[in-house]
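The values are calculated or read from the model by the stated rules, or taken from the named source; none is laboratory data. Being a predicted model, the structure only gives us computed values, none of them experimental. Positions of Cβ are generated from backbone atoms using ideal geometry, with glycine treated the same way; all protein chains shown enter the neighbour counts. Side chains are part of the model used for accessible areas, which takes the heavy atoms of the whole protein and leaves out ligands, DNA and RNA. Shrake-Rupley method; radii C 1.70, N 1.55, O 1.52, S 1.80 Å.
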Amino acid sequence: INAALYPAWKSTVYPVGGALTFDKVVEGLSEASENGLDEGGSLYLGAKTWTDLMTDEAALRRHVGDKMADKVKTGASSLEFETLCGVVKIVTHKYMKQGQAWFIPPSKARRVGASELTFKLPGSKNEWNWVETASAASEIRCYADQAVLIDRPDLCIQYTTISSTADAIPA
């Protein structure tokens, strides 16, 4: 299906134009909510964008309890919050491009392909795809034919033009 001819079929691009905050995340998710998403999903982002969201979360948090306590523990290794789209889990991923973030509902994504991960070359009777090289070495090659298929791309959100406060060069 050509997304240029059928705009309801393509993912939403939400230009942030600054640091990614919880307000911006929810604003971007409003499009997926209007398209019918109510089961939540995962927001994948890079480490510098994660830093900005943690700073935003720390600013929104109030510390209550014993005023005589020696220390206060803040921070988290993961964040989840409730939206109109359902529970959104924020996940850092080391391969996310800086300046971008992706929201994907995992129930709408599947792995498809002709071959699972294997060391056997398709059509070969040998158990291992063993190759000897010219430099007194050998290698075992791995083979797979797979792709990710999104059933409902209209429920995915691509956040672009994210500039992190960690990008600033200190004076």
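For region 1-27, give me the residue count where each residue is small (Gly, Ala, Ser) and touching a Leu at 6+ places or on another chain (Cβ under 9 Å). Step through it out loud before you land on a result.
Residues of region 1-27 small (Gly, Ala, Ser): 3-4, 8, 11, 17-19.
Going one step further and asking which of them are touching a Leu at 6+ places or on another chain (Cβ under 9 Å), we end up with 11, 19.
Final tally of qualifying residues: 2.
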- Message: Tell me whether region 95-112 contains one or more residues that are among the charged types (D, E, K, R), open to solvent by 50 Å² or more (accessible area, probe 1.4 Å) and closer than 22 Å to Leu20 by Cβ.
- Response: yes
- Please specify each residue of region 113-154 satisfying the condition of being open to solvent by 80 Å² or more (accessible area, probe 1.4 Å), modelled with pLDDT of 80 or more and acidic (Asp, Glu). Glu116
- Query: In region 31-45, what count of residues is obtained for those that are over 11 Å from Ile104 (Cα atoms), in contact with a Phe, Trp or Tyr (Cβ under 9 Å, 6 or more places away or on another chain) and open to solvent by 10 Å² or more (accessible area, probe 1.4 Å)?
  - Reply: 1
- Query: For residues in region 1-22 being under 26 Å from Gln98 (Cβ atoms) and over 18 Å from the mean Cα position of the chain (by Cα), which is most open to solvent (accessible area, probe 1.4 Å)?
  - Reply: Gly17
- Query: Which residues, taken from region 1-53, are of a type in the set (Val, Ile, Thr) and outside any loop (DSSP other than H, G, I, E, B)?
  - Reply: Thr12, Val13, Val16, Val25, Val26, Thr49, Thr51
- Query: What pairs can you find where one residue is in region 138-151 and over 9 Å from Phe119 (Cα atoms), the other is of a type in the set (Asp, Glu) and open to solvent by 80 Å² or more (accessible area, probe 1.4 Å), and their Cβ atoms are less than 6 Å apart, with a gap of 6+ or different chains?
  - Reply: Ser138/Glu132
